[in-house]
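Undergrad: Structure provided below as structure tokens; questions to follow.
Read the figures in this text as sums done on the coordinates, not as results from a lab. These numbers come from a predicted model, not from an experiment. Every residue, glycine as well, gets a Cβ built from its backbone with ideal geometry; the counts of neighbours run over all protein chains shown.
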Amino acid sequence: MYFFYFYPVSITTKQYRQPVLSRILMVFMLVAFIWMRYFPNLLSVDPNNLVFYPGSGRIWTVVTAIFMHGGWLHLLGNMIYFNVFAPVLESRVGAKLFLFYFLMMGVFGNLAHGLVASQGWFGQYGVGVLGASGAIAGLLAFSMIRFHCSRVEIAWWMFAPMMGQNKVGRTKVPLLVAVALWFLLQVVHSLVASQTGASVSYGAHFGGFIMGLVLALFLGQWREGNIEGLRLKAEEYFREGAFHASVGSWIAYLEKEPFDLMARLELARAQVLTGETVSAELNYRRVFLSYLKRSRADKAVDVFIEANRAQLSESFKPGELARVAFFQEKQMKYAEAAVTHQILFSKYPGISEGKRSLVRLVMLHRGKIDDASALEHWLQTADKVLAQDSWRAFLETELRNEGGLGGESGANHQYQDLQPKL
């Protein structure tokens, strides 16, 4: 006697969005099962009429049967597989396409069962079918193509008493291997079922699997999987500390997906760690400008702060730094804005943007930042740097204007005895 069973636990693939539809479908199937099992008379519809029987004439049942289940083990087994593969696939193709693919694979699986039942194969002559097994088999096939570079963690149980073996464990294996093993077990079980009969619809499994395979290949998911594989390698290399290998994988990935800003940011981070500071700074600035063009000033500011922390802000132009400082002030992050203004002034003290930052440093420390020594420093600096021009005149006006910026609000009351001499 020999027994081997396994089920998936997780997949090494990130979800890029919340799988709302997948969760809704799981709840819907649970509710449908409870209704069918415990409250069949609650509605005017008999739940048994939603099961698909070949030749019954109720063609719509080829769809409704997908959401019905015959027992707790049937439901639980399907939900385990569904919970691993459905959310990540939905996060790639979107809710609408995911629902369309899921229904198509489920319908094709049920139709395949109809063919099997009409011919009496697998000892299942004339029997009906219910459950999402066909659709989930399609998800396995689709995922095998789309995520062929990923790994899946499986929990397994091997029982072979004649060999003195009774083992359980959890192992990460390539997704291709896990799905191939699942398919092989279906083939073996179906061959046994041909002699003994079975309550499992292997026809639905094979039909859904074939449809998932055809859909994935027709939609070019193998290419998408190759691209995602490059990203997975880059992330794995980075986690392992193989930063040069990570840089290479990120570059290869960005050749395929040049507009993925998060990937370019990860490339810059890896280049910092490999000492490729020039390339890293260029990538930081490229991401920064892209966020500005998309009107995502908050993201642009975060990129600048990170680049500056790595001492890679030399390539940022005065106007770009001014926009960062403006947005930081708008968010009331005055200390961060002061740092940006200080960088801008120190790099460009003789141009208009630099002088404006010097003025803003005075005003921020006079009204928003509680630091008297810093205020005195910037007042003295302004007295030395600003000539008799419009910026000096502007600052003198502001310092005398108690109702304006730098007035009695904030921390300014601490400095009311300080007499700025400009």
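Undergrad: Helix 221-240 versus the longest principal axis of the chain: what is the Cα-based angle in degrees, 0 to 90, to the nearest 10?
TA: So the inclination is approximately 60 degrees.
Undergrad: Let me ask something else about it. Quick one: if you stick a label point 7 Å off each Cα along the C-beta vector at Gln311 and Gln165, how many nm between them?
TA: 5.9 nm
Undergrad: For the chain, find the longest principal axis of its Cα atoms and tell me its angle to the long axis of helix 175-196, 0 to 90°, nearest 10.
TA: 20 degrees
Undergrad: In the chain, with Lys and Arg counted as +1 and Asp and Glu as -1 at Cβ, which of these residues, Phe67, Gln186, Leu176, has the Cα nearest the positive end of the dipole, that is, farthest along it?
TA: Gln186
Undergrad: Right, another one. To make sure I understand the rule: partners must be lysines, Cα under 24 Å from the Cα of Lys333, and not fewer than 8 residues away in the same chain. Which ones qualify?
TA: Lys293, Lys299, Lys317, Lys347, Lys355, Lys368
Undergrad: Within 10 Å, count the other beta carbons around each residue, average over each peptide in 29-41, 284-296, 125-137, 156-168, and list them highest first.
TA: On the way: 29-41: 14.5, 284-296: 17.3, 125-137: 24.3, 156-168: 11.2.
Taking the mean over residues of other Cβ atoms within 10 Å, the ranking is 125-137, 284-296, 29-41, 156-168.
Undergrad: Continuing with this model, one more query. Between Gln119 and Val192, what length comes free when the chain is fully extended (0.36 nm per residue of separation minus the Cα-Cα distance, one decimal in nm)?
TA: Numbers: separation 73, 0.36 × 73 = 26.28 nm, distance 1.69 nm.
Extra length from Gln119 to Val192 when fully extended: 24.6 nm.
Undergrad: May I pose another question? Going by amide H atoms built from the backbone, whose H comes under 5 Å of the H on Ser150, apart from near neighbours?
TA: Leu175
Undergrad: Which peptide among 181-193, 319-331 comes first, and what is the full order, when sorted by highest mean count of other Cβ atoms within 10 Å? Don't skip to the end; give the middle numbers.
TA: Working: 181-193: 14.7, 319-331: 19.2.
With the highest mean Cβ count within 10 Å placed first, the list reads 319-331, 181-193.
Undergrad: Residues with beta-carbon under 14 Å from that of Ala216, excluding Ala216: net charge, scoring Lys, Arg +1 and Asp, Glu -1? It would help to have the intermediate numbers written out before the result.
TA: On the way: positive: Arg92, Arg146, Arg223; negative: Glu224, Glu228.
Net of charged neighbours comes to +1.
Undergrad: Quick check: the angle from helix 334-347's long axis to the longest principal axis of the chain, C-alpha only, nearest 10 degrees?
TA: Once rounded, the angle reads 60 degrees.
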